Amino acid sequence: MSSDTIINKVQQSGLITIDLEDYYHPGEKVLFDIKDYLYEGIILKEKDFRTFLKEHNWEQYEGKNVAITCSVDAIIPTWAYMLVATKLQPVANLILFGTIKDLHAKIFSNAIAQINASDYTQSKVVIKGCGKLEVPVSAYVELTNKLLPVVSSIMYGEPCSTVPVYKQLK
């Protein structure tokens, strides 16, 4: 080997990188706000609400990730959120009660659920730390918790510059 040969020490290290963005559902995130369907902005009238639900174009949510909420201070009966869910369920990818931020975290949680921890048994894992998407801290904690029982080590960052998080004791 000549002195000009470049050695890829990262490749030789046996590190396996997990990029949560690879598992993230790309569907658009949408907020369905019940406030838009309240009488005088404060009251949910059941008959009017049911008519709206019947006539609304639910196909516009096809494949999307939807958070259902009410952003105004109004008393909304639980069944109203449930009715919206029954309309969204056949078309949307993911539905939850909460905010767009909650939805973002749930999408990552669903992505982590797809990861088979046993595929990483006794592996040295780097959990990628930066990318195009903002990954919530909750996702990193959840993935760490999932991998901890099976991996030999967990690092955070990029293979060329990692922060050690966990190393199995021998």
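What number goes with the only condition from (1) over 24 Å from I76 (Cβ atoms); (2) at pLDDT 95 or above that F49 does not pass?
(1) is the only condition that F49 fails.
How many residues, within the stretch 119-170, are in contact with a Leu (Cβ under 9 Å, 6 or more places away or on another chain), hydroxyl-bearing (S, T, Y) and part of a loop (DSSP other than H, G, I, E, B)?
1
Which one is least open to solvent (accessible area, probe 1.4 Å) among residues in the stretch 51-76 that are touching a Leu at 6+ places or on another chain (Cβ under 7 Å) and farther than 23 Å from H104 by Cβ?
This residue is L53.
For the stretch 12-50, enumerate the residues that are assigned to a strand (DSSP E or B), closer than 30 Å to S123 by Cα and open to solvent by less than 40 Å² (accessible area, probe 1.4 Å).
I18
Pairs only if they're at least six apart or on different chains, beta carbon under 8 angstrom, first in the stretch 84-103 and under 9 Å from A67 (Cβ atoms) and among the β-branched types (V, I, T), second open to solvent by 70 Å² or more (accessible area, probe 1.4 Å) and not in a strand (DSSP E or B); list them, first residue then second.
I95/Q89
Taking the stretch 137-162, which residues are modelled with pLDDT of 95 or more, more than 21 Å from the chain's Cα centre (by Cα) and open to solvent by 70 Å² or more (accessible area, probe 1.4 Å)?
Matches in the stretch 137-162: P149 only.
The values are calculated or read from the model by the stated rules, or taken from the named source; none is laboratory data. Only a predicted model underlies this, so the values are computations on that prediction, with no experimental measurement involved. Here the Cβ is made from the backbone with ideal geometry for all residues, glycine too, and neighbour counts use every protein chain on show. What goes into the accessible areas is simple: the full protein's heavy atoms, side chains included, and nothing from ligands, DNA or RNA. Shrake-Rupley method; radii C 1.70, N 1.55, O 1.52, S 1.80 Å.
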